[in-house]
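The values are calculated or read from the model by the stated rules, or taken from the named source; none is laboratory data. Since the structure is predicted, the reported quantities are computational estimates derived from the model, not experimental observations. Note that each Cβ is placed from the backbone with ideal geometry, even for glycine, and that neighbours are counted across all protein chains shown. The accessibility values were calculated without ligands, DNA or RNA, using every heavy atom of the protein model including side chains. Shrake-Rupley method; radii C 1.70, N 1.55, O 1.52, S 1.80 Å.
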Amino acid sequence: MFTGIITGVGRIAALHDLGSSLDHGKRLTIEAPPGYLDDVGLGDSIALNGACMTVTSLDLPQRQFTIDISAESLARTTGLAQTGYRINLEKALRAHDRLGGHIVSGHVDGVGKVTRFAQVGESWELCVEAPPGLGKYLAYKGSITVNGVSLTVNSVQDHAHGCEFSINLIPHTVQNTALGQLGAGSPVNLEIDTVARYVERMLSAGQPHLKESA
């Protein structure tokens, strides 16, 4: 589990194919900030741009770790197959940590597209078009995870091609995450609020019919 509060910005230093066909995934070598890996061990979970991955090797002197990502995960996420690309990092939540954002599973629900990213006053407005199936989970002042960052929805507008939502980013968020490299047309990983997921399931399931006792 995660909170959507980014703890470091890394860089994809290298990519290696795990096989010769499209059914094979890739091994990513990630360069982390100084000291970031001091409390990380093999098998630990780290979210990369919102996608939960497992640490498979560590090179502390080089500040690097590797993860293996399947072809399926590559097909359902974005930003994890480009050497030199800056990515948001978050270590898995510990039981005594503060829940600064919201409950995040690290499972990407869909890939959205940035429609606008512009400075407005001292802040930045980020507008994203979500896939049609995710629109029902978005609500004014609700939570959404964009490339692993826990954010608050400022507006929601449904249209024929899906749903567009806007977010206000304060300068601290732009400076301390990899969101600042986005622009119109950039794809982004989206994870909906876990609470919204359960509410939708309960409403769609309806009320159970109780059998009378014999």
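Listed values, structure above:
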item	result
Rg and Dmax [Cα atoms of the chain; Å; Rg one decimal, Dmax integer]	18.6, 71
Excluding exposed DSSP-loop trypsin sites (Lys or Arg not before Pro) (at most 14 other C-beta within 10 Å), longest clean stretch of the chain	1-93
Folded to 0 to 90 degrees: helix 194-205 orientation relative to the chain principal axis, Cα	40
Mean accessible surface per residue for region 72-190, computed with a 1.4 Å probe while every protein chain stays in place, in Å²	50
Total charge dipole magnitude, the chain, about the Cα centre, Cβ charges on Lys, Arg, Asp, Glu only, Debye to nearest 20	120
Reachable aspartates and glutamates, given that their alpha-carbon falls under 16 Å from the alpha-carbon of Lys136 and they are not under 8 places away in the same chain	Asp109, Asp158, Glu164, Glu191, Asp193, Glu200
Of the chymotrypsin sites (Phe, Trp or Tyr not before Pro) in region 103-172, those whose Cβ has at most 10 other Cβ within 10 Å and which sit in DSSP loop	Tyr140
For region 34-56 and region 104-123, distance of Cα centres in Å	23
Carbon plus sulfur fraction of accessible area for region 1-134, probe 1.4 Å, in percent	50
